[in-house]
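Structure, as structure tokens:
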Amino acid sequence: MINIGLEDSNRREVTRVLNNLLSDEYLLSTKTKNYHWNVTGPHFHDLHALFGNQYAKLDVLIDEIGERVRALGSNAFGTMTEFLRCTRLQERPEVHPSELAMVEDLYDDHEILLRSLRGSLAGNASLRGDIGTTELLTRAIQEHEKMASMLQSVLGKHDQLKEWLKAQDAIEREIGIEVLTPAGSAT
């Protein structure tokens with residue numbers, strides 16, 4: 001083993017945490033790419049760009065985590081079997097969600113990662129003793145906060161639109177305006 005000022009037992013614990021995080025990040029990146037490729041609907045362009053930007057950031061983070069594991073003298077996970085065994089996130093095979101459900105799903109995953117990262121830093125003395133890893137995890141928290149904030153903004157706009165449409169419908173009913181239904185739609 002390499003001698004970098006960390007006890008072997010601490011280094012093993014830190015690389016275990018990092019490989020679990022690597023698994024989560026890899027699944028989230030894959031899911032984000034899936035949504036980038038398959039998003040449809042009225043917000044296609046904006047969400048396609050948002051998802052593309054986010055998976056690019058996740059891929060950079062994945063690379064940094066894998067390289068950190070190697071710098072600590074261990075092997076980084078690199079197979080789907082390892083990632084799927086250790087991730088805390090859920091795949092949704094053969095599910096093709098709406099654009100809003102995609103945003104909600106990714107937002108939920110970022111929340112899971114943020115809670116996990118904060119819990120790891122707060123409750124793991126091995127991590128606190130490794131400044132390099134602590135700094136990496138702090139940057140990961142900052143990146144996930146930014147990505148979650150962007151997704152939350154999309155969800156907030158959707159909620160505002162739903163409220164506005166509900167208010168418009170109430171106003172139309174109140175003043176007696178007949179709402180025209182497009183041909184071919186159910187009433």
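The values are calculated or read from the model by the stated rules, or taken from the named source; none is laboratory data. If you're wondering where the values come from, they're calculated on a predicted model, not measured in any experiment. Positions of Cβ are generated from backbone atoms using ideal geometry, with glycine treated the same way; all protein chains shown enter the neighbour counts. Just so you know, the surface numbers come from the protein's heavy atoms only, side chains and all, with ligands and any DNA or RNA stripped out. Shrake-Rupley method; radii C 1.70, N 1.55, O 1.52, S 1.80 Å.
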Please verify whether Asp59 is under 25 Å from Glu135 (Cα atoms) and either open to solvent by 30 Å² or more (accessible area, probe 1.4 Å) or not hydroxyl-bearing (Ser, Thr, Tyr) (or both), treating the condition exactly as stated. yes
What about Leu89, is it under 15 Å from the mean Cα position of the chain (by Cα) and surrounded by 15 or more Cβ atoms within 10 Å (Cβ to Cβ)? yes
Helices (runs of 4 or more DSSP H) within the stretch 63-161 that include 2 or more residues within 28 Å of His43 (Cβ to Cβ): 99-123
Name the residues in the stretch 92-135 that are surrounded by 13 or more Cβ atoms within 10 Å (Cβ to Cβ), over 23 Å from Arg11 (Cα atoms) and small (Gly, Ala, Ser), would you? Ala101
Determine which member of the set Glu111, Glu143, Glu99, Glu135 is within 16 Å of Leu22 (Cβ to Cβ) and either in contact with a strand residue (DSSP E or B) (Cβ under 9 Å, 6 or more places away or on another chain) or acidic (Asp, Glu) (or both). Glu143
Kindly indicate whether Ala71 is open to solvent by less than 70 Å² (accessible area, probe 1.4 Å), modelled with pLDDT under 95 and either in contact with a Leu (Cβ under 7 Å, 6 or more places away or on another chain) or not acidic (Asp, Glu) (or both). yes
Residues of the stretch 48-74 satisfying the condition of being under 19 Å from Ser126 (Cα atoms) and basic (Lys, Arg): Arg68, Arg70
For the stretch 31-41, enumerate the residues that are assigned to a helix (DSSP H, G or I), under 16 Å from Glu104 (Cα atoms) and not charged (D, E, K, R). Thr32, Asn34, Tyr35, His36, Asn38
So, Thr79, is that one among the β-branched types (Val, Ile, Thr), open to solvent by 20 Å² or more (accessible area, probe 1.4 Å) and closer than 13 Å to Leu21 by Cβ or not? no
